[in-house]
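Visitor: The structure under discussion is supplied below as structure tokens; questions concerning it will follow.
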Amino acid sequence: MALSNSQPSVATAPAAGQTSPLVMRVIGAVALAHLINDLIQSVLPSIYPMLKANYGLTFTQVGLITLTFQLTASLLQPWVGYYTDRHPKPYLLPCGMICTLVGILMMSQVGSFPLILLAAGLIGIGSSTFHPEASRVARLASGGRYGLAQSTFQVGGNAGSAFGPLLAAAIIIPFGQGNVAWFGLFAVFALFVLYAISRWYAHHLNLFKLKQGQAATHGLSKGRVLSALVVLGLLVFSKYFYMASFTSYFTFYLIEKFDLSVASSQLHLFLFLGAVAAGTFFGGPIGDKIGRKAVIWFSILGVAPFTLLLPHVDLFWTSILSVVIGFILASAFSAIVVYAQELVPGNVGMIAGVFFGLMFGFGGIGAALLGHLADIHGIEYVYTLCSFLPLFGVLAILLPRTKKA
């Protein structure tokens, strides 16, 4: 897969004042790599029941697998981004995928719990190196349309997360742990894609002006910027705690409340994840047109009436509302990342690492905490409690404008 090193003429639509064009072929390649990265990492929780049965693991040990992956996948990201903001490393992308490849091949062959933890940690390290650098490349190729680039990049990850469990159910669950190795083929393909992206990135580092021309233009004090970043972190918390209730427990909720079959409940979950992918894609370009703050406000606070209604409706309206909630709620993430990057210019990778790290971290903590609450109070209680989380969206009123008048 070759990405031309010369200035491409494809989809060249620079915004006013921009000298770098919109390069959709690069953005599309990064989104494809994101799809493969997240597809591979979504295989891990899909095979937990098989690993638990094969090795007699306790639920605590299963939780430790998740913790190992989440720690390496989330805590390393901001540090990778911080370092590469100052010392760009174009070929770090394929190096990260090599870690993922080794991890997934190990997972197909391991025979002990410590080696399972090591394999999960390697997959997490691969994810940590991928997200900050790939997000930077998407922004570099955006031609100023940062929301479009971030959304296209992010929707690749959403698609991978949706299809990973389906492929795991078809390839691994019926035939055994050794078939995890087939997912290594996806990683090998991603290596070629990421090598081509890295070559383009290396030849366009002149567009990546590290600090030159990256001074903040919003006129905000450091304290105001810090408080805005805290507000964004709280909004990510509310969004991904609520999302965790769907990604981890929606099928259980449907089975318990409406007596659906497992297959039917999985279809409803897939529809929700599809709506999340669509919302992610449209949220960025809309933010380019109407402003990030407006998208964040609408996406998180605006979804509250639907989440509050969800626990009290029948199956038909549950299906409709879940799609509406997925679409609206997902539109915020790209806007949040780009808004934060505008608050702290010159730190694209670090900001991407922080917010992708928060996404992984809050998702993992939320899944564990909500599972514990479901054990104590029942799954319907979890959805009633989580329905209030989008009210955190009112905090968006505290976000300042980031552009000069």
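Quick grid of which residues meet (1) at pLDDT 85 or above; (2) within 21 Å of residue 90 (Cβ to Cβ); (3) touching a strand residue (DSSP E or B) at 6+ places or on another chain (Cβ under 6 Å); (4) of a type outside the set (S, T, N, Q):
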| site | (1), (2), (3), (4) |
| --- | --- |
| 105 | yes, no, no, yes |
| 122 | yes, no, no, yes |
| 130 | yes, yes, no, yes |
| 144 | no, no, no, yes |
| 147 | no, no, no, yes |
| 158 | no, no, no, no |
| 167 | no, no, no, yes |
| 170 | no, no, no, yes |
| 173 | no, no, no, yes |
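Visitor: Output yes when any residue across the stretch 107-124 is closer than 23 Å to residue 348 by Cβ and buried (at least 16 other Cβ atoms within 10 Å of the Cβ), and no when none is.
Guide: yes
Visitor: Give just the number: which of (1) under 21 Å from the mean Cα position of the chain (by Cα); (2) hydrophobic (A, V, I, L, M, F, W, C); (3) surrounded by fewer than 18 Cβ atoms within 10 Å (Cβ to Cβ) does residue 300 not satisfy?
Guide: (3)
Visitor: Here is a further query. For residues that are at pLDDT below 80 and not in a helix (DSSP H, G or I), scanning just the stretch 353-405, find the one that is surrounded by the most Cβ atoms within 10 Å (Cβ to Cβ).
Guide: Step by step, filter the stretch 353-405, then rank; the result is 402.
Visitor: Hey, could you check the stretch 215-271 for residues that are among the hydroxyl-bearing types (Ser, Thr, Tyr) and farther than 22 Å from residue 372 by Cα and say which is modelled with the lowest pLDDT?
Guide: Across the stretch 215-271, the extreme among qualifying residues is 217.
Visitor: Take the residues of the stretch 67-95 that are in contact with a His (Cβ under 9 Å, 6 or more places away or on another chain) and hydrophobic (A, V, I, L, M, F, W, C): which is most open to solvent (accessible area, probe 1.4 Å)?
Guide: Among residues in the stretch 67-95 that are in contact with a His (Cβ under 9 Å, 6 or more places away or on another chain) and hydrophobic (A, V, I, L, M, F, W, C), the one most open to solvent (accessible area, probe 1.4 Å) is 80.
Visitor: Restricting attention to the stretch 63-74, does a residue exist that is assigned to a helix (DSSP H, G or I) and farther than 29 Å from residue 371 by Cβ?
Guide: Scanning the stretch 63-74, I find no residue that is assigned to a helix (DSSP H, G or I) and farther than 29 Å from residue 371 by Cβ, so the answer is no.
Visitor: Taking the stretch 29-48 only, how many residues are at pLDDT 90 or above and either surrounded by fewer than 19 Cβ atoms within 10 Å (Cβ to Cβ) or polar (S, T, N, Q) (or both)?
Guide: So the answer is 1.
Visitor: If you go through the stretch 49-66 one residue at a time, do you hit one that is crowded, with 16+ Cβ neighbours inside 10 Å, at pLDDT 80 or above and within 17 Å of residue 128 (Cβ to Cβ)?
Guide: Yes, the stretch 49-66 contains at least one residue that is crowded, with 16+ Cβ neighbours inside 10 Å, at pLDDT 80 or above and within 17 Å of residue 128 (Cβ to Cβ).
Visitor: I'd like the full set of residues that are touching a helix residue (DSSP H, G or I) at 6+ places or on another chain (Cβ under 7 Å) and open to solvent by 10 Å² or more (accessible area, probe 1.4 Å), limited to the stretch 303-320.
Guide: 306, 309, 311, 313, 315, 319 - these are the residues of the stretch 303-320 that are touching a helix residue (DSSP H, G or I) at 6+ places or on another chain (Cβ under 7 Å) and open to solvent by 10 Å² or more (accessible area, probe 1.4 Å).
Visitor: Scan the stretch 372-397 and report the pairs whose first residue is free of Cβ contacts under 8 Å to residues at least 60 places away in the same chain and on the phi < 0 side of the Ramachandran plot and whose second residue is open to solvent by less than 70 Å² (accessible area, probe 1.4 Å) and assigned to a helix (DSSP H, G or I), with Cβ atoms within less than 8 Å and a gap of 6+ or a chain change.
Guide: 373/382; 381/373; 381/374; 385/373
The values are calculated or read from the model by the stated rules, or taken from the named source; none is laboratory data. Because the structure is predicted, anything quoted here is derived from the model rather than measured. Because the Cβ atoms are built from the backbone with ideal geometry, glycine has one as well, and the counts that use them run over all protein chains shown. We work out accessible area using only protein heavy atoms, side chains counted, and drop any ligands, DNA or RNA first. Shrake-Rupley method; radii C 1.70, N 1.55, O 1.52, S 1.80 Å.
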